[in-house]
Protein chains: 2
Amino acid sequence: MNPDRLTPTIGVFDSGFGGLTVLRALIERLPGAQFAFIGDTARLPYGSKSRRTIARYAAQSARFLVEEQSADFLVIACNTASALALDAIQEAVPQPVLGVIEPGAEAARAASRTGDVLVIATDATVHSHAYAAACGARGLRAIEKACPLLVPLVEEGWTNHPVTAEVIRIYLDELNAEAARRGLNPDTLVLGCTHYPLLRPLIEAAVPAGMKVIDSAEAAAEAAVREFGEKIGCPVLSTPSVERVGDNAPDPVVRCFATDSVEKFERLGSRFLGRPVGAVELVDLGG
Amino acid sequence: MNPDRLTPTIGVFDSGFGGLTVLRALIERLPGAQFAFIGDTARLPYGSKSRRTIARYAAQSARFLVEEQSADFLVIACNTASALALDAIQEAVPQPVLGVIEPGAEAARAASRTGDVLVIATDATVHSHAYAAACGARGLRAIEKACPLLVPLVEEGWTNHPVTAEVIRIYLDELNAEAARRGLNPDTLVLGCTHYPLLRPLIEAAVPAGMKVIDSAEAAAEAAVREFGEKIGCPVLSTPSVERVGDNAPDPVVRCFATDSVEKFERLGSRFLGRPVGAVELVDLGG
């Protein structure tokens, strides 16, 4: 930890501002920490890019958080970067790095009774099969499906729109048909993209009765508390408390950076963070 | 023109592969030319990025086409880059550069009798108001609307899908309501994004009877023939002929480059080009 600061800094990285759902879950659990968030908005979406490109971009953001924002721990709040670039990020900086895939798979293991799990995510996350591997390592069988229309629907603001409900129904029907073809009996659905928590009400209305919905943003925040908690030296809330953070505690120290589109980040980011994102600072990572 | 080559090379640039609709229209009209196409797929979509970032990216692609592919003329087959970066591209290279905005506005002027025009495009193109300015300079009144869901719907392959028809209906209803509020009587709709020609059947089914639909890709190819035609020294077809190009003439020389996602480019590109795109070469522009 940087010795000239009283509280540690958790650096949070995403390709855009979807990872603000992870930051929100972290703030609710670690109100005494400082946070630096960077969204690589100039180069989003990562979901359609190659492993090599994503690894290069993600390492640049990780170095920014460590070298310029003195981050003590990093959370990769981007499923695509976690799936394709966690190794590259861990090599790029000496600080501990946590992704969202392993916590999501761990939460699925805790929730599932049948051992059969559905995962919805971006193209790149699905093609990496990172969730299938992480689930398989825990004895779960996972079926993954790319849902490339959901991020644009969230960004259009259609989070409670009949078109979005219909798109979700189509995607889940295809996923359940595939599960049936393989003779699986899934009881858990993992939201493998940080945009998807904003669609949680529509998704919960669309899944079969009794199916549990796992939010990888929440799961990652829980894992961060477990992994970094004792090193943090600041209060950890065992039960997340939005009220405490919002009303009674001092405002958390949160600095947000973006590589582009500050206006869009500021306009849409509050929906993801659940509070105003404030002034977003523009940063140039090159490229 | 590069003296060691018998035929000129037309360089075509897009942020992705949507601009292949422009390349297709060019090949149909200029079967004797050579073509080099670059899609900056590592950094797409441009539609949500700032003018500064888009100008930097576009200038890099323009230099690649001129310096490494010996392009004699450039066509910016990307509405967003044409709207935000045409000046920057013209400064970056000495060769003549043609965008898609002015040809689209010119085709609207020729088509419209009421002088009132609708334009649908990406966020960045709309926010630039480049179409409104180009239409205004021709005495037309234009109403522009961002339709950010249409590109992802095309890339999902839902070009003839009820959800896409419904999204188009919603966007056009909003646009027509805005036109009515302003007391306008539009009779022409400009497709201000190179992805939209793939939705033309659904769009034509959704517009009011008698409304003309202008394809900016076709309009840009017509303008390229007018501007570059006499310098090209190779046959120009006054009427585009898919049959001649496809069946009787030798295959045109087309080299395609992408900065990432060659697999996706090759898989989806043929839909836009109307023929197999062949092997796409990966190129690193830095960044």
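The values are calculated or read from the model by the stated rules, or taken from the named source; none is laboratory data. Just so you know, these numbers come straight off a predicted model, no measurement behind them. Please note: Cβ atoms are built from the backbone with ideal geometry, for glycine as well, and neighbour counts cover all protein chains shown.
Quick rundown of the values:
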quantity	calculated
Members of the range A:29-47 found to be out of contact with any Pro (no Cβ under 9 Å at 6 or more places or on another chain), within 14 Å of chain B (Cβ to nearest Cβ) and not in a loop (DSSP other than H, G, I, E, B), listed by number	A:G39, A:Y46
Single match in A:R43, A:R63 (criterion: within 24 Å of A:V277 (Cβ to Cβ), basic (K, R) and in contact with a Gly (Cβ under 8 Å, 6 or more places away or on another chain))	A:R43
Count of the range A:71-128 residues which are modelled with pLDDT of 95 or more, β-branched (V, I, T) and under 23 Å from A:D173 (Cα atoms)	4
Subset of the range B:113-140 that is in contact with a Leu (Cβ under 6 Å, 6 or more places away or on another chain) and within 25 Å of B:G210 (Cβ to Cβ) - its residue that is surrounded by the fewest Cβ atoms within 10 Å (Cβ to Cβ)	B:G115
Residue among A:A81, A:A59 that alone is of a type in the set (A, V, I, L, M), under 20 Å from A:V154 (Cα atoms) and either more than 14 Å from every other protein chain (Cβ to nearest Cβ) or in contact with an Asp or Glu (Cβ under 8 Å, 6 or more places away or on another chain) (or both)	A:A81
Test: residue in the range B:174-192 that is in contact with a strand residue (DSSP E or B) (Cβ under 9 Å, 6 or more places away or on another chain), within 19 Å of B:D14 (Cα to Cα), within 14 Å of chain A (Cβ to nearest Cβ) and surrounded by 19 or more Cβ atoms within 10 Å (Cβ to Cβ)	no
Of all residues making up the range A:143-171, the number that are in a helix (DSSP H, G or I) and over 15 Å from A:V126 (Cα atoms)	13
Selection from the range B:140-168 of residues that are closer than 13 Å to B:I203 by Cβ and more than 10 Å from chain A (Cβ to nearest Cβ)	B:K145, B:V154, B:T159, B:N160, B:A165, B:I168
Some residue of the range B:33-47 being touching a residue at least 12 places away in the same chain (Cβ under 8 Å), surrounded by fewer than 22 Cβ atoms within 10 Å (Cβ to Cβ), of a type outside the set (A, V, I, L, M, F, W, C) and in contact with a helix residue (DSSP H, G or I) (Cβ under 8 Å, 6 or more places away or on another chain)	no
Residue ID - farthest from the chain's Cα centre (by Cα), chosen from residues in the range B:193-210 that are surrounded by fewer than 18 Cβ atoms within 10 Å (Cβ to Cβ) and of a type in the set (A, V, I, L, M)	B:A209
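Residues checked against (1) touching a Ser or Thr at 6+ places or on another chain (Cβ under 7 Å); (2) in contact (Cβ under 8 Å) with a residue 60 or more places away in the chain; (3) of a type in the set (G, A, S); (4) farther than 19 Å from A:R52 by Cα:
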site	(1), (2), (3), (4)
A:L84	yes, no, no, no
A:A108	yes, yes, yes, yes
A:I120	no, yes, no, yes
A:T125	yes, yes, no, no
A:S128	no, yes, yes, no
